[in-house]
Amino acid sequence: MQEIFTNYIAYLEAERNASAYTVRNYTNDLLEFFGFVSGQGIDSLKDVNKQTLRAYLAYLMEQGKAKSSIARKLSAIRSFYRYLMREDLISASPAATTVSPRLDRRLPSFLTIDEAKRLVESPDISQPQGQRDRALLELLYASGLRVSELVNMNVEQINLATNEIRVWGKGSKERVVLIGTPAANALSIYMSDGRRELLGDKKNNALFVNRYGGRLAARRVQKILEKYARTINKKVHPHVLRHTFATHLLDGGADLKVVQELLGHADLQSTQIYTHVTQSRARKIYLSAHPMARGDSDKHE
C-alpha cells in the first residue's frame, strides 16, 4: 500500500504536473480515507467497494464536513483509483459512479474598479520589494493568473515587446495571456531594478523572488495581498483578483469564450459563473437606480 501511494504521489507531481497545494490536499485526503478503510477491517484496495465509499461519505457528513470539502475528498479518491486502473492494479473503480454531494453555488467575490486600482497602486515603488509587489499585483489583476502559475513563472516567459506571457496551467496546458501597459511598465521597472537588487549575486530565473533571492512562495503571495488589502479594508486572496479580472472583462463587453481562453478554463461552464456575477450586479444597479423599480411612483407624478 505504501509503495503504491508513494508512486501515485510521484505520478501527480511528474506526469500530472499537479501544484504543491493539490499534492498536499490529495495526500491528506487519501491518508484520511485509508484510515477509515482500515478501521472498517479492510486491508486491501481491491476490497473497497461502493458501499465502503458510501459509508465514508456518510461518516464525513456526520463529522460536519462542508460539501465542498467532501467533494474534494471524493475527487482525490477518484483520481487515485483511476491511477490504479491505469497501472492494472484493479479492474474497476468503486468511485466511478459515486455521486458527489450537490454544491451550493456561491458567486465569486471581486473588487470594484476603484478598489482594484487602489490595491495595485498601494506598494511603495521606491523600494525593491515594493517594486516587486506592484508588479505582482498589476500582473494578477491584468492577467487573471492562478497563484500557482504566478509563482512558477520564469523571466523567459515574459515578452514585454508584445505584452504577452506564456503560461503553463493545469495539466501542463500552455496558453498565452495578455497584459496592459500599467502591468508591463510595472514589470519592466521591477525586472530591471528591484529584481536585480533582491537577487544580489544569486542566479535564479524565477520572475518573482523573495528578499533572499529565492523563488517567491504561494503562501508569501497571500501575505503580500493581505498586507495591501488593508488599504481598501477588504479580505483579498489571489483568486479574488482572478475573479475581478474576469468580471471586469465581461462588464466591459468581452466575449465569454475569450475570457475562457485567458483564464485557461477547460470547460466553458467554469467561466459562465462570472455571467451570473455581472447579471447580479446589473440587477442591483437597476433596483437602486430605476425609480419604478424602487416603487418611487410619486417621482413620475
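Bear in mind that the values in this text are calculations on the coordinates, not laboratory data. Keep in mind that this is a model prediction, so the values were computed, not measured. Quick reminder, even Gly has a Cβ in these numbers, built from the backbone with ideal geometry, and neighbours come from all protein chains shown.
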Condition met for Tyr141 (surrounded by fewer than 17 Cβ atoms within 10 Å (Cβ to Cβ) and touching a Phe, Trp or Tyr at 6+ places or on another chain (Cβ under 7 Å))
no
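Taking the range 203-247 only, how many residues are in a loop (DSSP other than H, G, I, E, B) and basic (Lys, Arg)? Steps first, please.
Let us first name the residues in the range 203-247 that are in a loop (DSSP other than H, G, I, E, B), namely 203-205, 207-208, 210-214, 216-217, 230-237.
The next check asks that each one be basic (Lys, Arg); those that pass are 203, 211, 230, 234-235.
Total satisfying the criteria: 5.
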Can you tell me which residue is farthest from Arg132 (Cα to Cα) among those in the range 164-219 that are over 21 Å from the mean Cα position of the chain (by Cα) and among the aromatic types (Phe, Trp, Tyr)?
Tyr212
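With the requirement that a residue be among the small types (Gly, Ala, Ser) and in contact (Cβ under 8 Å) with a residue 40 or more places away in the chain, what does the range 77-95 give you? Steps first, please.
From the range 77-95, those among the small types (Gly, Ala, Ser) are 79, 91-93, 95; that's our starting set.
Ser79, Ala95, listed by residue number.
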May I ask you to say which residue of Lys67, Lys50, Lys73, Lys46 is touching a residue at least 24 places away in the same chain (Cβ under 8 Å), surrounded by 15 or more Cβ atoms within 10 Å (Cβ to Cβ), basic (Lys, Arg) and over 27 Å from Glu174 (Cα atoms)?
Lys73
